[in-house]
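The values are calculated or read from the model by the stated rules, or taken from the named source; none is laboratory data. Because the structure is predicted, anything quoted here is derived from the model rather than measured. Ideal geometry is used to build each Cβ from the backbone, glycine not excepted, and the neighbour counts take in all protein chains shown. To get the accessible areas, we keep the full protein, side chains included, count just its heavy atoms, and leave off ligands, DNA and RNA. Shrake-Rupley method; radii C 1.70, N 1.55, O 1.52, S 1.80 Å.
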Amino acid sequence: MENSVTQNGIATVLSNQSLDSSSVRPEIVVQVVDLKAVGNRYTFNANDGNMKMKAMLPATLTSEIISGKIQNLGLIRLLDYTVNDIPGKSEEKYMLITKCEAVASALDSEIKAEIKASTGITLKPKQEFVAKSASQIINEQRGNAAPAARMAMTRRVHPLVSLNPYQGSWTIKVRVTNKGVMRTYNNARGEGCVFNVELTDEEGTQIQATMFNAAARKFYDRFEMGKVYYISRGSLKLANKQFKTVQNDYEMTLNENSEVEEASNEEMFTPEIKFNFVPIDELGTYVNQKDLIDVIGVVQSVSPTMSIRRKNDNEMIPKRDITLADESKKTVVVSLWNDLATGIGQELLDMADNHPVIAIKSLKVGDFQGVSLSTISRSNVVINPDSPEAKKLKSWYDAEGKETSMSAIGSGMSSSANNGSRSMYSDRVFLSHITSNPSLGEEKPVFFSTRAYISFIKPDQTMWYRACKTCNKKVTEAMDSGYWCEGCQKKDQECSLRYIMAVKVSDSTGETWFSAFNDEAEKILGCTADELNNLKSEEGEVNEFQTKLKEATWSSHLFRISVSQQEYNSEKRQRITVRGVSPIDFAAETRLLLLDISKNKTS
């Protein structure tokens, strides 16, 4: 009987144990309860409504579980199986299933059956409540005069947090909280267009949805900022961490067959903003990274509005700087741009004397003055949020913070050597710690300090690039003469050379390759890229270029490095970048060794 378990099925199986082994085993339908992985197999309790029995699925059925065909609380039909004693518990049995088939997906609960006088226990499957497309929902609304609240009782809307790539049909109700521009591209498969939106549900969970070509043209005008939509018939995949803009392991793709309907006749909702705060004293690790961060702090000062000329189009845009502090006794400057500068920024200026607490979502971390924060188009600012973090921070500030001496997080750091805002004597590791952990930097870059020797510099590598003298970005040769800078949108007759090179480093535990950029490479080589280029072009009996490289090898340095992951030919590799270089301070090294000896004696 479809969508039902076999009444007294397990009792029938156990009673058949006393029969000849050649007798036909009854095919029964049971519910899968407490499904879990044990090694490369899965175990569960087979439930017929009256009894439960331990059971095990073979490894050959793992793909059925991963694909979602066999689900916890779902129904399966047992086609071939054996019943064995549990070792040491002769009175308990378990089923070893060798062949089965899925009957129904997950039910609402473990046992919600009413015992019938007929052949089985009828259970209502979850799908009778679930799989309604967005268009079906809207058509029901339009064709039924019942109140919206009553209609909502027949609709099953999935929260974003419950979605995964293995689900079948689903419907979500979301608000568009950010809409990108339509972009065009040209690759080996031809030209195309793409745009994406950020969607937020009532619980504050976010996901990015991307549309290509026909779907992009179909939905670009339909999606409007701030409006709420029902969406169905999309697909999910693991998010590319390099490009994702929201905190979600998955990203959504909508095609031309996806359904998007505006929820115009129902009560709207304002999504709850979910924050993942980073303390101010930990912002250094995010400098110039792609990660967007959330921060909470007490307003120390608010500047007047100023106008900044944008480089790419010379447009004047408003900017306002605010200084925030938190319990780490560090401060940071946050730049508000455009409407945030003139709107919320003015509110903050009016109430600055009261030192309000503000929470800001989606900030970019830059290297101005060492460490600085900047809003972007999707940033959200909440004044005096009603949250435990805000109350705790305000209590601290009122009790002791206002009298505490604060220091800027970026003090003592230059904009070219942001290195996790730590000294060369913190997070000290050997090279083997990095090379033996290939997953380091997978989620976000991690920072270390190390002492090592430059053991080799490839003389035939591309060691520099032509750079604009104004912005240091790469330039190209102009058609007639000079060099064109895309960043400054201007042509200059001259350019400068800036280092971008790889060096092999070694210590007592191993060796690896570091990437070094201009300022750090100059400290390693002791000359500028222009000077080294002149040496390379000189002719003579002594190759001054090779001599300069040899002089730089087998010299010991302290390095501040970042470790991240990059993808090359579909293969992930570690990228170790030099963030700071300094000579050996032997007195400080001695103190560090004495500290290590003291720790070892104590332990």
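Remarks
- Subset of the range 558-603 (residues that are assigned to a strand (DSSP E or B), open to solvent by 20 Å² or more (accessible area, probe 1.4 Å) and not aromatic (Phe, Trp, Tyr)): SER564, GLN565, GLN566, GLU567, GLU571, LYS572, ARG573, GLN574, ARG575, ARG579, SER582
- All of (1) out of contact with any helix residue (DSSP H, G or I) (no Cβ under 6 Å at 6 or more places or on another chain); (2) at pLDDT 90 or above hold for ALA552 with one exception: (1).
- Looking only at the range 207-249, residues that are of a type in the set (Gly, Ala, Ser), in a strand (DSSP E or B) and surrounded by fewer than 19 Cβ atoms within 10 Å (Cβ to Cβ) come to 1 in all.
- Top-ranked residue in the range 162-205 [being β-branched (Val, Ile, Thr), touching a residue at least 60 places away in the same chain (Cβ under 8 Å) and open to solvent by 10 Å² or more (accessible area, probe 1.4 Å); ranked as farthest from SER67 (Cα to Cα)]: THR177
- Checking LYS490 against (1) open to solvent by less than 30 Å² (accessible area, probe 1.4 Å); (2) on the phi < 0 side of the Ramachandran plot; (3) not aromatic (Phe, Trp, Tyr), the condition it does not meet: (1)
- Of the residues LYS391, LYS311, the single one that is in a loop (DSSP other than H, G, I, E, B) and either surrounded by fewer than 18 Cβ atoms within 10 Å (Cβ to Cβ) or in contact (Cβ under 8 Å) with a residue 60 or more places away in the chain (or both) is LYS311.
- Pair list, Cβ < 6 Å and 6+ apart or interchain, from the range 394-419 residues that are of a type in the set (Val, Ile, Thr) to residues that are modelled with pLDDT of 50 or more and part of a helix (DSSP H, G or I): ILE409/ILE280; ILE409/LEU283
- Selection status of PRO438, more than 20 Å from ALA521 (Cα to Cα) and touching a residue at least 12 places away in the same chain (Cβ under 8 Å): yes
- Residue within the range 209-223 that is touching an Asp or Glu at 6+ places or on another chain (Cβ under 8 Å) and closer than 28 Å to GLN289 by Cα present: yes
- The numbered conditions (1) among the small types (Gly, Ala, Ser); (2) surrounded by fewer than 15 Cβ atoms within 10 Å (Cβ to Cβ); (3) within 18 Å of THR450 (Cα to Cα) are all true for ALA521 except (2).
- Qualifying residue in the range 319-328 (condition: loosely packed, with under 15 Cβ neighbours inside 10 Å and free of Cβ contacts under 8 Å to residues at least 40 places away in the same chain): no
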